[in-house]
Structures are given as C-alpha cells and as structure tokens.
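Below: the structure, in structure tokens.
The values are calculated or read from the model by the stated rules, or taken from the named source; none is laboratory data. Not measured: the values here are computed from a predicted model. Reconstructed Cβ throughout: ideal geometry from the backbone, glycine too, with neighbour counts over all protein chains shown. Just so you know, the surface numbers come from the protein's heavy atoms only, side chains and all, with ligands and any DNA or RNA stripped out. Shrake-Rupley method; radii C 1.70, N 1.55, O 1.52, S 1.80 Å.
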Amino acid sequence: MADYQYDVFVIGSGPGGEGAAMQACKHGLKVAVAERYSKIGGGCTHWGTIPSKALRYAIFTMTELNNRTMLREAGLTVDLSFPQLRQSASSVIKQQEDMRRGFYERNRVPVYSGQARFIDPHTIEVGESKGAVEQITATNFVIAVGCRPYRPPDVDFTHPRIFDSDSILDLSFTPKSISIYGAGVVGCEYSSMFRNLGCKLNLVNTRQQLLEFLDDEISDALSYHLRETGALIRHGETYEKIEGLDDGAILHLKSGKKLKTDIILWANGRTGNTDDLGLDTIGIVPDSRGLLTVDKQYTTSVPNIYAVGDVIGYPSLASAAYVQGRAAALHITGDVSSAEQLANDIPTGIYTSPEISSIGQTERELTMAGIPYEIGHAQFKSLARAQITNRRVGMLKLLFHRETLAILGVHCFGAQAAEIIHIGQAIMSQPPPNNTLMYFINTTFNYPTMAEAYRVAALNGFNRLF
Ligand SMILES: Cc1cc2nc3c(=O)[nH]c(=O)nc-3n(C[C@H](O)[C@H](O)[C@H](O)COP(=O)(O)OP(=O)(O)OC[C@H]3O[C@@H](n4cnc5c(N)ncnc54)[C@H](O)[C@@H]3O)c2cc1C
C-alpha cells in the first residue's frame, strides 16, 4: 500500500470540514485540514449562520425593548443603526473562531493555509496564488468547501445599492426600504430582520409559496405573519433586470412590475465553491450550480474522495454539514451503521419572525404516501408560559400514525421553535414501540413551560381518534 502523509485530508474548515476532521482524529486517524480564508470556521462563522443570527438577535432585542410599554411611557427608545447592530456579531464571531481553532490545536490537526487544488486522487497542493505552494498526499479526502451566493452576470454587485447575502453584512446605513429577490431561507430570514427594523419590504418569490418544503400550514403561517407586519410578498415573479440609481435601485420584473427601494438584496440561489479545486484533473464533474453528487456514504465518483455540507446541496444547513462530515469520517473508518444513523432525520431551523422548525414528514408527504395519520395542535396563545412572556404567536403540530401512534412529523412556529422541536425529535427517533404519542400524554411537564405544548397537542390529536 502506498505511503501517504495523512489518512484523511479535509478541504474547508466550516462545520462540514470540522465534523469530518474531529470524527476522524477521534478514531486515531492522521488528519489535516486546508483553509483558504484567513480565519477558521467557514462561511458558517464568518458570513453565514453566526453573523446573521447575531444580527437577528440584536434587532430582536432592540424591537422588544422599544415595544415595552413601561419604556415607551417613559419616552425611552433605542435607535441603533444597521452597522451598530451588525457590530454586535463581532465578539460572537471571535469567540466561535477561537473555540474552533482550539479544537484543531488540542487534537493536533494541522491547518494548512491557502487554496487547495487536486493534482491527482491522492495529492493536493495548498498555497496562495503568488506564495509558496505545498504538495500533500493523503489516502482519503473530504471536500467541505461550502458555497457562495450565485451572482448572475447581468446584475452589478459592485453598485452600492445592490447586495447579496455576503455583502449585506457590510451595509453602512439603515435603509428605509428594501426589495429582497428570492424567498428561500436566507431571503425569508432577512425579510423578517428588515421588517423588524421598520423597513418597507418587498419580498419577491420566484415560486408560488414560501419555503415549499415546509408543511403547508407552517408555510402559510409565515406568509400570514410576514404580511401582518406589513411586508409585501409577490409570488411567481422573475426579474427582468436590476437597475442601480444614486438614491436606490429598481427591480424590474418580467411581469412588468417595477419596485424602487433604497436597496436590493439578491437572495436567489447559491453556487458551490468547486471552480478552483482542480476537480477536472481527477475526473469529478460538478453540476451547473457547482455542486457535487455523492452517494449515501458521501463518496463522490472517485472512491477515496468524499464531499459534505453545502457543496452537495440540500439541506444546506450548518447542522447538516456537521453530521455529514462526521458520517463521511465514520465511513472512512468502516463504521457504516453509526454513519447511517447519524445523518437521518435532520431538523430544519429557520430564524424568521416567527421562528420555524420541523422534523419528519409533512402532511403533503404523508397523504401522497397513503399513510393514515392524525394531527394534534397546540396554539401557543393558550399556554400560560406564552401568555406570561407575551409571545403568543405560534403553534406546535404533531403528525402521528393513527394506528401505531408513532410520531411521524413535528412542525412548529413561534418563539423558541428551533429549541422546542428537539423534544419531539427525541421521541420520534426512538425505535418502536417507544416512539409514541402516549409519551407526551403520560409525562409530567414543568408548568408553565413551552414544552407543555407537547401534552396539549398530543391530547388534541388523541381526542380526534375513534
Ligand atoms: C445568511 C445565511 C444564514 C444562515 N443561517 C443558518 C442557520 O441559521 N442555521 C444553519 O444550520 N445554517 C445556516 N446557514 C447555512 C450554513 O452557513 C451552511 O450550511 C454551512 O456554513 C455549510 O457548512 P460547510 O462546511 O459546508 O461550508 P462553509 O461553512 O461555507 O465552509 C467552507 C470553507 O471552505 C473554505 N474553502 C472553500 N474552497 C476552498 C479551497 N479550495 N481550499 C481551501 N479552503 C476552501 C472556505 O473558505 C470556507 O471557510 C446560513 C447561511 C447563510 C448564507
């Protein structure tokens, strides 16, 4: 057998790369990582999840304070600009980066700095374009290079009024109005943030429904609550062109509509970071969006080269990237059964207002599959905890098999939805007969809590059975 420098070489230090590197080194494999950005942590830490969630929290806190009757009556308001709110993310980013760097240092995993490119299936070169380049060999590779916003060539992203989801983080003023083109997760999350900041908002959706992969009731609730805050949502539209002006930008739609706002945020599509990876030299062909195809073991068309995270497409979540990285490493070690269990049933967390989270099947999927199911609902407004905290918007919905009572899907929107979902996930992931609605009916929940929603929803559903 050939003598390679490393057992596993990981390209990219985002959650996908970190999951793979840490899992592989815990199994005693010799691991190294390449990262082309000056800091560890990937897009997740520096321009995706962490900055956007920290910004959301800062906006949410300001809005909540300004809505407090006591402060309003005292004539007190907090009025921070977009850059000031954005600034609040920097300390979180630093903490995250320091912590993640520590993982590599403690586990003695070297991090090579620079762009990695394949030379052959067991050799890679890493280095800056004008600096020193080092050749490294490994038995296996894990590609975890992430993706970036798709930039159509006819849109001028150098214009100071036209942004994508990376450049919006550098917005230097608070706009009074914004058009967001693309109503995927990123478009919907930024819509909620800018509405909460008080901006006039057009959300332009190229599809007919918001976040079509969600249960219809949850997707409808998001549309309803966004509209209730004053957002203008247009479905089934396609852009004709985007025109930058000195005082704003115009979104021209193929339907003939024109939307003029202070700024435009392009949030339509992402491209895999595969263009400068030397994939042509090893015969791996990305699709038209730069994404890689893998099998259930996360192997590409080259057996010793794996790919995980955003670069393999849906669900494009940090949480998913991390478990996919771990699963790829487990496959490399030969632990196939743990690997398969890991990447099953990944929950969705969407940080809109209201927050959304779900796991398992939707009503649409169950109906199409002909599975006999029943529904249990709990409205947050009827929970004591939600009344006390004045966060009454929301609902928990349980879908369960009407004969076995097994939980088939959990769908939630409202405050803390992304946390609440995990209670349902814990029961749903039990083997039969422990995955059962009866758990929620026969369990004592602290009072008052949001977790109580599970008992309310379970009883609501159970009472529908005959
Ligand atoms: C605005 C926004 C908000 C989001 N919010 C959430 C959220 O709330 N929850 C959630 O779960 N997910 C969220 N996501 C998605 C999440 O950020 C991604 O799913 C996650 O970052 C993917 O991880 P990854 O490891 O695949 O890639 P990344 O985190 O993008 O990391 C890839 C790394 O590879 C490096 N790299 C690329 N090419 C090379 C190369 N050739 N050589 C060396 N290094 C290279 C890059 O510099 C980068 O550091 C959000 C994304 C965006 C854009």
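Only protein atoms count toward the accessible area here, which uses a 1.4 Å probe; on the chain, the carbon and sulfur part of that area reaches 51 percent. When only alpha carbons are used to place a centre, region 3-67 and region 288-361 end up 15 Å from one another. On the beta carbon distance between Thr404 and Asp335, with R0 = 30 Å, the FRET formula returns roughly 0.50. The listed residues Phe400, Phe173, Phe445 rank as Phe173, Phe445, Phe400 when sorted by accessible area, largest first, using a 1.4 Å probe. Can you give the longest stretch of the chain with no exposed loop site, where a site means GluC sites (Glu not before Pro) in a DSSP loop (not H, G, I, E or B) with at most 14 other C-beta atoms within 10 Å? Excluding the exposed sites themselves, the longest stretch runs over 213-402. In this Cβ point-charge picture (+1 for Lys and Arg, -1 for Asp and Glu), region 218-260 has a dipole of about 160 debye about its Cα centre. Near the amide H of Ser177, within less than 5 Å, lie the amide hydrogens of Lys200, Asp262, Ile263, all on another chain or at least 5 residues away, with H placed in the peptide plane.
Placing a pseudo-label 7 Å from each Cα along the Cα-to-Cβ vector at Arg151 and Glu419 gives an inter-label distance of 3.9 nm. Among Leu214, Gly248, Ile305, flag the residue with its Cα farthest along the positive direction of the charge dipole of region 179-310, charges on Cβ as +1 for Lys/Arg and -1 for Asp/Glu. Positive-most Cα among the choices belongs to Gly248. Inter-label distance, Arg72 to Ile346: 4.1 nm, where each label sits 7 Å from its Cα along the C-beta direction. You can think of it this way: the chain between Val92 and Asn196 has 35.3 nm of extra reach, that is 0.36 nm per residue less the Cα-Cα gap.
Out of region 163-265, which trypsin sites (Lys or Arg not before Pro) are coil in DSSP terms and have no more than 16 other C-beta atoms within 10 Å? Loop-located and lightly packed - Lys176, Arg207, Lys254, Lys257.
Length available on full extension from Asp3 to His252: 0.36 nm per residue minus the Cα-Cα distance, which gives 83.8 nm.
Answer rounded, prolate or oblate for the chain, using the Cα gyration tensor with square roots of eigenvalues a ≥ b ≥ c: rounded when a/c is under 1.5, else prolate when a/b is larger than b/c, else oblate. Oblate, because a/c is 1.5 or more while a/b does not exceed b/c. Write down the accessible area per residue of the chain in Å², having rolled a 1.4 Å probe over the full set of protein chains. Ligands and nucleic acids excluded, the result is 47 Å² per residue.
Label zone (Thr449, point 7 Å along Cα-to-C-beta; backbone nitrogen cut-off 13 Å) within region 424-439: 424. Its Cα centre serving as origin, the chain has a Cβ charge dipole (Lys and Arg +1, Asp and Glu -1) of approximately 1220 debye.
Here region 284-328 is scanned for amide nitrogen atoms under 19 Å from the site 7 Å beyond the Cα of Thr238 along Cα-to-Cβ, giving 288-289.
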